[in-house]
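Have a look at the structure below before the remarks.
The values are calculated or read from the model by the stated rules, or taken from the named source; none is laboratory data. What you see is a predicted model, and the numbers here were worked out from it, not measured in a lab. Ideal geometry is used to build each Cβ from the backbone, glycine not excepted, and the neighbour counts take in all protein chains shown.
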Amino acid sequence: MGAAEELTIAGLGLVVFVTLVMELAKRIWPALQDQKAIAATVVVGVASAYAAYGMQWYPGFARWATPLVVGLAAAAAASGVYSWTKKRG
């Protein structure tokens with residue numbers, strides 16, 4: 001994977017995936033704000049990047065991780081992540 005290519009995880013852009021997961025996490029745990037949210041975002045982003053690379057290198061891991069990623073994205077979308085961000089902004 002070249003540096004100019006977009007990093008994806010199960011077909012989702014990594015930035016989109018991390019945003020969805022973090023918005024869902026902040027709704028589940030309202031105390032996750034400010035510096036705690038920044039630290040959690042860094043952890044989720046780095047873990048997601050490693051997972052994305054692992055899914056490319058190891059097909060067995062991809063078979064296990066893809067449904068998890070798709071399920072998290074579907075849950076976030078179904079829960080109204082986009083409307084949550086509009087209410088906050």
Next item on the list: Among the residues of the range 60-89, write down those that are at pLDDT 90 or above and not aliphatic (A, V, I, L, M).
Entry: G60, F61, R63, W64, T66, P67, G71
Item checked: Every pair of residues 6+ apart whose Cβ atoms lie under 8 Å, when the first sits in the range 37-66 and is under 18 Å from G13 (Cβ atoms) while the second is among the hydroxyl-bearing types (S, T, Y) and not in a helix (DSSP H, G or I) -> A52/T8
